[in-house]
């Protein structure tokens with residue numbers, strides 16, 4: 001039952017990483033698109049692509065928090081009392097990002113459009129960075145079981161910084177792949193294709209450098225990743241290479257699932273390496289779990305939630321794909 005609840009929670013982590021990650025990455029490309037004239041085309045595509053789905057993807061974050069709070073309350077208390085700074089920044093980033101994105105679309109004054117655009121874009125980088133530092137702090141064992149750990153060093157350390165930088169880069173890669181596949185004209189497709197290749201190269205270099213960071217700063221995580229999680233990391237590497245090949249050959253049909261597979265394999269590798277500990281090396285899942293009656297109720301609630309969320313998201317994505325496809329054909 002403990003493992004089942006852990007899997008139920010991790011499904012939400014995977015979904016949020018793959019779906020919301022692309023939305024955050026779109027904000028990264030919005031931030032780096034340049035001035036109003038040069039960035040008009042990319043920003044318009046980002047608005048059209050992110051608009052229908054950016055709010056819906058946050059349901060997975062709520063889902064994860066509820067499962068963690070209900071299923072593993074000791075870990076929830078420890079994380080929130082230690083990592084409250086990056087958690088607060090992430091929440092502020094989500095709210096600011098949503099407000100900036102919404103107001104930019106309805107504002108007619110150029111000055112305020114730029115202001116709201118900057119809020120959207122900067123928050124889209126700060127938020128995944130904070131989530132990455134949280135994952136690094138948990139994985140490296142800097143969140144004590146009793147909570148109230150160091151509010152600064154718990155998320156400002158080599159593993160956390162590595163996690164934050166990789167989170168931003170992975171989101172940017174996902175968004176570049178998705179936007180390349182969604183671009184209605186060759187010029188925009190080439191624009192995001194080249195940026196996808198560039199960020200893929202940087203992500204690969206940072207990942208290689210991260211091996212030495214983990215070996216020095218988080219030895220248990222490094223050992224587990226290089227043994228138990230090695231297969232998943234190989235899958236991630238192969239999917240990453242396949243994504244680069246697809247970008248080089250301008251084959252966009254399979255680009256989205258291949259990019260999502262690479263990210264999902266990395267996240268799964270982290271989860272496998274972390275098991276059976278929920279907090280670094282000192283709090284096991286079995287020691288943090290709620291009583292069994294609570295878990296049964298949580299399983300039922302989780303099944304009902306997924307039964308409602310999944311069909312709704314599938315319908316949303318299907319309708320958007322049909323709409324964007326019709327729009328692309330009309331433009332051609």
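A short reminder: the numbers here are calculations on the coordinates, not readings from a lab. Computed from a predicted structure; not experimentally measured. We place every Cβ from the backbone using ideal geometry, glycine too, and count neighbours over all the protein chains shown.
Among 261, 197, 313, the largest mean-square fluctuation in a Gaussian network model of the chain, built with springs joining Cα atoms closer than 10 Å, belongs to 313.
Distance between the pseudo-spin-label points of residue 284 and residue 3 (7 Å out from Cα toward the beta carbon): 1.3 nm. Estimated from helical segments only, the mean residue ellipticity of the chain at 222 nm is -26500 deg cm²/dmol, where each DSSP H run of four or more residues counts as -39500 (n - 2.57). Counting other Cβ atoms within 10 Å as a rough exposure proxy, the listed residues 23, 47, 185 run 185, 47, 23 from fewest neighbours to most.
Take every pair of alpha-carbon atoms less than 8 Å apart whose residues are at least six positions apart; their mean separation over the length of the chain yields a relative contact order of 23 percent. Expressed per residue, the C-alpha convex hull volume of region 121-160 stands at 63 Å³. Dividing the convex hull volume of the alpha carbon atoms of region 102-225 by its residue count gives 144 Å³ per residue. Put in line by how crowded their Cβ is, counting other Cβ atoms within 10 Å and starting with the fewest, 296, 29, 69 read 296, 69, 29.
Among 289, 170, 91, a tally of other beta-carbon atoms within 10 Å of each Cβ gives an order, fewest to most, of 91, 289, 170.
A compact globular protein would have a Cα radius of gyration near 2.2 N^0.38 Å; the ratio found for the chain is 1.00.
Quick one: go through region 145-169 and flag any residue whose amide nitrogen is under 20 Å from the point 7 Å out along the Cα-to-Cβ line of residue 206. Output list for this probe position: 154-169.
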